[in-house]
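Here is the structure we will look at.
The values are calculated or read from the model by the stated rules, or taken from the named source; none is laboratory data. Since the model is a prediction, treat every value here as computed from it, not as a measurement. Every residue, glycine among them, receives a Cβ derived from its backbone with ideal geometry; neighbour counts consider all protein chains shown. Keep in mind that these areas ignore ligands, DNA and RNA; they rest on the heavy atoms of the full protein, side chains included. Shrake-Rupley method; radii C 1.70, N 1.55, O 1.52, S 1.80 Å.
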Amino acid sequence: MNRFVAAERALRSAAPHQLVDAVREVLCDEYAATTVQLFLADYGLATLQPVPAGGRPGDPEAGPPEPVSTHGSPAGRAFGSQEPFVERLTDGRVRLHLPVTVRGDRLGVLAVTMPSAEQAEECLAELADVAQVLGHEVVVADRDTDLYLRARRTDRLTLAAEMQWQLLPGRSCSSAEYALGAQLEPAYAIFGDNFDWSANADRLMLYITNGMGEGIEASLLTNLGINALRNARRAGLSIADQAALADQAVHAHYRGDAHLSVLLLDLDLRTGRLQVVDAGSPQMLRLRGRTVTAFALDEQLPLGMFEETDYVAQELDLDLEPGDRLVFASDGVYAVAAPGGERYGERALARAIVSTSLLPAAEVPRAVLRELVGHRGTPVPDDDALVVCLDWFGPRRPA
């Protein structure tokens, strides 16, 4: 039996909590690997956390695996570039750092130590494919075990943050037409901000939300709003009707005492035309070349303020071109004040967008939020901060 097929079968037949054991055993047996370790990105995208596993022992010289930084480390280089990185060790050995990614959502890195550079080069492509299969199996396994969710944590999540992270579709995704990336801060104590997306052959729908209040109350409000929007979307309704039905659901529960700010976008993947419902939304900016343009949207009422509100989809005359980048930022970004009281503002945000123009969409939100720390003067924000980046590559070409 082909060794890649053997690896794929081993992963697909393994118990959800034994994926690391399964991939370690098959890579050692079939590919002569000496050590195998899975690292998953933590919620703050600052470290790659080792996933514990039984089975064969790790490298006795290395000791128990430790978290590694997503910036500057060999594994971090593979994670950031989304390309395999070859690290040369002693005695001719090499360690392959292989991105573990599912449809553009960067989960982590698989580190595989090989006896020689020749053996590593000979099977690099196959091992990279094994890492992708492993990623798909981790996503499926998350339904049945907490092992991988626990491994991602460098600290305990607040209950509100637990609810918000479970609500998210992922942190990045990509297709032939677009790439998306998003990040929330403070990652371990987020409460009201959120994002959601869904795509089919013709359309991408994207939502950026900000529930009023703090803690559990903000998280409950956002959960209600997001699930109401999903319910309407899955019924095949337009974004205007989605907003109207979600507005009714929020008002029916809170009777106007709480509301949800949301920006709904409907991108036609065949043409690049964009429709928007701005119900108390974050800011929206476009990067074309090195020019940043902010768009003034037709402001409409946040969801839940009144019993029945009619919403109208605004068709933006953006004329999206291949290579354009759209960035969305919540008020926890552009309204943040420095110690002296100066707001971060649109100009500083535009500079941050230009300075990160060479990064892929999945890297941009975290990079912008890192720059925000310097302005704020403290590592932990007082308010939720959300950045979403959408790169447009152009309509899919006919096969």
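Some notes on this structure:
- Derived scalar couplings ³J(HN,Hα) [segment 43-51; Karplus, 6.51 cos²θ - 1.76 cosθ + 1.60; whole Hz; x for Gly, Pro]: 5, x, 6, 9, 9, 9, 9, x, 8
- In the chain, the portion of solvent-accessible area held by carbon and sulfur atoms comes to 50 percent [1.4 Å probe, whole percent, DNA, RNA and ligands not counted].
- Förster radius 25 Å - calculated FRET efficiency between SER69 and GLU121, Cβ distance, rounded to 0.05: 0.40
- Note, ³J(HN,Hα) from phi for segment 220-227, Karplus 6.51, -1.76, 1.60, rounded to Hz, x at Gly and Pro: 4, 4, 5, 4, 4, x, 5, 5
- Counting every alpha-carbon pair across the chain, the share separated by more than 41 Å comes to 18%.
- Highest mobility in the GNM of the chain, judged by mean-square fluctuation with C-alpha springs under 10 Å and restricted to GLY211, GLY323, GLY108, is found for GLY323.
- Placing ARG234, ARG203, ARG24, ARG343 in order of accessible area, with the largest value first and a 1.4 Å probe, yields ARG234, ARG343, ARG203, ARG24.
- Kirkwood Rh (inverse of mean 1/r, distinct Cα pairs), segment 72-217, angstrom: 17.4 Å
- 5 angstrom amide H check on ASP193, placed H, neighbours 5+ away: GLY211
- Spatial separation of Cα centroids for segment 303-317 and segment 70-108, in angstrom: 45 Å
- Phi angles across segment 115-132 convert, under the Karplus curve 6.51 cos²θ - 1.76 cosθ + 1.60 with θ = phi - 60°, into 3J(HN,Hα) values of x, 8, 5, 5, 5, 5, 5, 5, 10, 4, 4, 5, 5, 4, 5, 4, 4, 5 Hz, Gly and Pro given as x.
- Accessible area in square angstrom per residue, the chain, 1.4 angstrom probe: 45 Å²
- Centre-to-centre separation between the Cα atoms of segment 318-354 and those of segment 194-260: 24 Å.
- Shown is the FRET efficiency for GLU308 and ASN227, computed with R0 = 25 Å from the Cβ-Cβ distance and rounded to the nearest 0.05: 0.80.
- Total formal charge among the other residues, if their Cβ is under 14 angstrom from that of PHE4, Lys/Arg +1 and Asp/Glu -1: -3
- 5 angstrom amide H check on THR47, placed H, neighbours 5+ away: ASP42, THR70
- In nm, spacing of pseudo-spin labels at LEU358 and ALA296 (7 Å Cα→C-beta vector): 3.6 nm
- Cα-projected label distance for ALA6 with ALA337, points at 7 Å along beta-carbon direction, nm: 6.5 nm
- In this rough spin-label picture, where each label sits 7 Å from Cα along the Cβ direction, the ARG143-THR378 distance is 4.2 nm.
- Over the chain: helical MRE at 222 nm, DSSP H runs n ≥ 4 each giving -39500 (n - 2.57), nearest 500: -10500 deg cm²/dmol
- FRET efficiency, 1/(1 + (r/R0)^6) with R0 25 Å, evaluated for GLU214 and HIS17 via beta carbons: 0.10
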